[in-house]
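K.L.:
Here it is: the structure, laid out below.
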Amino acid sequence: MWDFSQKLLFAIIIVLCVAVYGYAGGFSGVNTNPNPEYHVSDSTFKVGSSWWTFVNSSSTNDSVKFTNYYSVDWGVPYEITLLLTQYTDASKFESKYQNSSSSSDNYDVKTENKSIARIQVRFINITNTRSNDTFQDYFFQKNGKYYSIHLELNDYEKFYETAIEFTVKSIISTIN
């Protein structure tokens, strides 16, 4: 039979195991899949990493939003927002592209055609001339469907460029 000290030791070990399991996220109910599949309209895709936090889908399910907060030198956190939209037809897609690529006095707009994951992409880089805010738009067609990826990069740091490029490539290569 077990004496009191053995029972106490056993109880402490059980409590420690439960605590470690809980600390590791075992009771959180959070999806621990580092690369889950998401949906926009009638398409599925992956963002390629757990760097992004899923925010919501639009009420019409034609857009999904992700966000990421980062700080520079342990300072104020900045937000990066990603919005993926699927368009119902080519005319809405073209209209959005034309509106995004239009210049104005307060914004410097540069357009470029790129190939990302073997898909032709129309890229737009928009910089607010009064701040360090940058907006990037990627317009592409895949499998007869039309998409755009819109990034809002507040006080954009070049340090995150590789992670952003990886995310865009992951979305474009996995969306169907």
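The values are calculated or read from the model by the stated rules, or taken from the named source; none is laboratory data. Please read all numbers here as calculations on a predicted model, not as lab measurements. Neighbour counts run over all protein chains shown; Cβ positions are idealised from the backbone, glycine included. Surface areas here come from the heavy atoms of the whole protein model, side chains and all, with no ligands, DNA or RNA. Shrake-Rupley method; radii C 1.70, N 1.55, O 1.52, S 1.80 Å.
K.L.:
Exactly one condition in (1) at pLDDT 95 or above; (2) closer than 17 Å to E161 by Cβ; (3) buried (at least 16 other Cβ atoms within 10 Å of the Cβ) is false for K114; which is it?
P.N.:
Looking at each condition in turn, K114 falls short on (3).
K.L.:
Name the residues in the stretch 136-172 that are more than 17 Å from W52 (Cα to Cα) and at pLDDT 90 or above, would you?
P.N.:
If the condition is that a residue be more than 17 Å from W52 (Cα to Cα) and at pLDDT 90 or above, then D137, Y138, F139, F140, Q141, K142, N143, G144, K145, Y146, Y147, S148 are the ones that fit.
K.L.:
Now, a different point. Would you point out which residue out of T167, T162 is hydroxyl-bearing (S, T, Y), open to solvent by less than 40 Å² (accessible area, probe 1.4 Å) and either without any contact (Cβ under 8 Å) to a residue 12 or more places away in the chain or not in a loop (DSSP other than H, G, I, E, B) (or both)?
P.N.:
Going through T167, T162 in turn, the sole match is T167.
K.L.:
Let me ask another. Can you spot a residue in the stretch 5-14 that is under 16 Å from I149 (Cβ atoms), open to solvent by 40 Å² or more (accessible area, probe 1.4 Å) and modelled with pLDDT of 70 or more?
P.N.:
Taking every residue of the stretch 5-14 in turn, none turns out to be under 16 Å from I149 (Cβ atoms), open to solvent by 40 Å² or more (accessible area, probe 1.4 Å) and modelled with pLDDT of 70 or more.
K.L.:
Give me the pairs, please: first residue somewhere in the stretch 76-90 and more than 17 Å from F54 (Cα to Cα) and open to solvent by 60 Å² or more (accessible area, probe 1.4 Å), second residue anywhere and acidic (D, E) and outside any strand (DSSP E or B), beta-carbon distance under 8 Å, and either six or more positions apart or on two chains.
P.N.:
T88/D62
K.L.:
Here is a list of conditions, (1) more than 29 Å from S50 (Cα to Cα); (2) loosely packed, with under 15 Cβ neighbours inside 10 Å, and Q120 meets all of them except one; can you say which number that is?
P.N.:
(1)
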